[in-house]
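Some notes on the structure that comes next.
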Amino acid sequence: MRDALTLLAVFALLYLGCAALAMTLDRHWRDLVDRRNGPLRRTVQRLRLSGAVCAAAALGLAIQRDGGAFGLLLWCLALTVGAFAVSATLTWRTAQLRGVQLRGAQLRGD
Amino acid sequence: MKKTPFIKPALRLAMLWPHTWAGVTLGGMLMVIFFMGSLSVFAPEIDRWMMPSTRLAAPEGPVSLDQAVRPLVDRLSAGRTVQGWFVRLPEERNPVLTLRLRAEGGVIDGVASADGAMLPPVGTLGASSFFYPLHYSLHLRMGFIGIWIVSFATVAMLVGLISGVIIHARIFKDFFTFRSWGQTRRSVLDLHNLTGVLALPFHLMISFTGVVIIAPIVLPSGVNALYGGGIEGFYNDAIGGFDRPRAGAAAPLAPLDPMVAEARRLWGGGKVGYVQVLHPGDAAAYVRVSRSTEDRISLNNEPVVFDGVTGAVVKHAPLGPVVAAQRFLSGLHIVAFHHWSLRWLYFLLGLSGCALIGSGLLCWLEKRRAAHGVRAGVGWRVVAAMSCATTVGLLLATLAMMAANRALPADAPSRAMMEVAVFFGVWIASAIHAGARSAGGPPWRSQTGAAAGLAVACVALNGLTTGDHPFQALADGKMAVFGVDSVLLLTAALAFAAALRLGRPAKGRVGVEEAKHA
């Protein structure tokens, strides 16, 4: 049970870490947060720091769960999966927002 | 002041043609290698599915070699002189005793349950003797020709990966970007970039370690110089460590169980993986006991060699540093360890490699179609047919083989070969179908629909012929069967959804979905 929870935490932390890094990118920030202004430099730094903290915490948990060799391998591969999950979330959210906007434009009749 | 780019445009252009050529010419081959490799990660589970008589519970305690295995060897040899025998002991994923005897007049194979009861011949090559060898040798064994071709394709994969990183101009800005809307071409390119960049560590690791495993074969000068080309002698020295000829004088074989106990003491615990006995009944008999590597990444199985007559340890030496590194890298590739999360990650990331290669091929096809207009050239049609045959066609052939495995009667003559014939027959048929119909784009839709049907048929046939339908398998704790059935049903659902989507009025859409799940 504890093993399963740790595993879940590793994936969740890596997902959060990747999400924080993704939001430092101008495109995704503009798509999801603020269309007019990109992220502030200070925001970017904070997001990067929190991304790194999440990744480090996940690495710690993975090594604590499976030992050095297996833990490191698990962390590397789970990082890729976390990044894919973030990418899927971004695609889904962006498409959703765009769909809403398109429909809004249609309703206004222009 | 203008910033000089880190990678100059000229270098990007120079990297484009090897990337394109490596992908277009070897993409199909790499697809086979990646797909079969992904399946091989679960080879023992697929074996249980394809060999119903071996769907047994894991043994509870260690198996006695003297009480359970030696009577089986005597029975199998039936009085003939045995030059040597090998047994793989049962464990959770492979709950059977696998025996192989080298006797007068050829090799004898046998499968038995953990308590020493012989099982009927499995009548199939299964995943471990068909899908897995296809992955690394394409079943072309003579002169290691298949291994050479696979390693060449793998090096091309490494070329593709590294040149791809150089070509990708917006690697950080597009790091997480997948635009599923808008032009198909852009979506396919996004998918290609995404699978290439995010899974890059895995793809680099798996391609590199793949070559490392077969390095002694594809970099043979060292072996040629020291062993006169005898690769067996090299492997013996590097990882097995012992060989001696027959003495010619008869002497009884000492009990094996004490040897196993001594080997475990030398290892400081751990389970026995397999045991080899050479020259049994001869004064020069020797026994090699190898450790199971289920609890470590490295394939180092620390063999301990005993004298077969006295039972004394003859050799137990640690690996040299280079061999130890090679064993570790090989283990990283082969996933012999017991770690279910990692096993699934390897499977999924292996499939992401298929998506990478497939989307690369689609990218090329879409771009050329835009360049050529409506009339497709011969080159385009060949690549289009090949892309279809190596993605959906390969999936069709695999599913057809599994369906044939459950549909053919258990006592059909040369049953294993008939399954192989079905595999290649369906594959060739799908290639011909794709070739004949590729003028306006390959027949993605009909083949994907057929794959969905076949996957459902596999699950149904398994339920009908063995009674282990998914719910029964789950209730009986036959997790391997349940897992294979679940993946088959998921494949069917994905293929069906893809076929439906491809059936919509065409807006220049060439199946992206195939690449995702094939």
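Being within 14 Å of another protein chain (Cβ to nearest Cβ) and open to solvent by 30 Å² or more (accessible area, probe 1.4 Å) is the filter here; which residues of the stretch B:140-181 pass it? Across the stretch B:140-181, the qualifying residues are B:R170, B:I171, B:F172, B:K173, B:F175, B:F178, B:R179, B:S180, B:W181.
Between B:L198, B:L253, B:L226, B:L191, the distinction of being open to solvent by less than 40 Å² (accessible area, probe 1.4 Å) and farther than 30 Å from A:L77 by Cα belongs to B:L253 only.
Scanning the stretch A:64-86 for residues that are part of a helix (DSSP H, G or I) and without any contact (Cβ under 8 Å) to a residue 60 or more places away in the chain yields a count of 12. Residues of the stretch A:1-20 that are assigned to a helix (DSSP H, G or I), more than 10 Å from every other protein chain (Cβ to nearest Cβ) and not charged (D, E, K, R): A:L5, A:T6, A:L8, A:A9, A:A12, A:L13, A:L14, A:Y15, A:L16, A:G17, A:A20. For the stretch A:21-39, taking the residues that are open to solvent by 50 Å² or more (accessible area, probe 1.4 Å), of a type in the set (A, V, I, L, M) and part of a helix (DSSP H, G or I), the one that is modelled with the lowest pLDDT is identified as A:L32.
The single condition from (1) farther than 30 Å from B:T465 by Cβ; (2) touching a residue at least 60 places away in the same chain (Cβ under 8 Å); (3) in a loop (DSSP other than H, G, I, E, B) that B:F337 fails is (2).
Filtered by the rule that a residue be within 21 Å of the chain's Cα centre (by Cα), among the β-branched types (V, I, T) and farther than 16 Å from B:V159 by Cβ, the stretch B:196-212 gives B:T209, B:V212.
Put simply, of B:F6, B:F34 the only residue that is open to solvent by 20 Å² or more (accessible area, probe 1.4 Å), in contact with a Cys (Cβ under 9 Å, 6 or more places away or on another chain) and not charged (D, E, K, R) is B:F34.
Residue-by-condition table, conditions (1) in the same structural domain as B:K367 (by TED's automatic domain parsing); (2) in contact with a Lys or Arg (Cβ under 8 Å, 6 or more places away or on another chain); (3) assigned to a loop (DSSP other than H, G, I, E, B); (4) among the polar types (S, T, N, Q):
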| residue | (1), (2), (3), (4) |
| --- | --- |
| B:P90 | no, no, yes, no |
| B:L140 | yes, no, yes, no |
| B:G143 | yes, no, no, no |
| B:S163 | yes, no, no, yes |
| B:F176 | yes, no, yes, no |
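Here A:L97, A:L90 are screened, and the one residue that is over 16 Å from B:F175 (Cα atoms) and in a helix (DSSP H, G or I) is A:L97.
Scanning the stretch A:41-58 turns up no residue that is farther than 29 Å from B:F328 by Cα, within 10 Å of chain B (Cβ to nearest Cβ) and open to solvent by 60 Å² or more (accessible area, probe 1.4 Å). The condition of being open to solvent by less than 10 Å² (accessible area, probe 1.4 Å), within 17 Å of the chain's Cα centre (by Cα) and assigned by TED's automatic domain parsing to the domain that holds B:A434 holds for only one of B:L348, B:L394, that being B:L394. Within the stretch A:21-40, the set of residues being within 11 Å of chain B (Cβ to nearest Cβ) and aliphatic (A, V, I, L, M) comprises A:L21, A:A22, A:M23, A:L25.
Among the residues of the stretch A:90-100, those that are facing another protein chain (nearest Cβ under 9 Å) and within 24 Å of A:G51 (Cα to Cα) comprise A:L90, A:T91, A:W92, A:T94. From B:A410, B:A404, B:A429, B:A371, which residue is over 18 Å from B:V32 (Cβ atoms), open to solvent by 10 Å² or more (accessible area, probe 1.4 Å), at pLDDT 90 or above and of a type outside the set (F, W, Y)? Being over 18 Å from B:V32 (Cβ atoms), open to solvent by 10 Å² or more (accessible area, probe 1.4 Å), at pLDDT 90 or above and of a type outside the set (F, W, Y) holds for just one of B:A410, B:A404, B:A429, B:A371, which is B:A404.
The values are calculated or read from the model by the stated rules, or taken from the named source; none is laboratory data. What you see is a predicted model; the values in this text were computed from it and never measured. Virtual Cβ from ideal backbone geometry, glycine too; neighbours counted across all protein chains shown. With ligands, DNA and RNA removed, areas are computed over all heavy atoms of the protein, side chains included. Shrake-Rupley method; radii C 1.70, N 1.55, O 1.52, S 1.80 Å.
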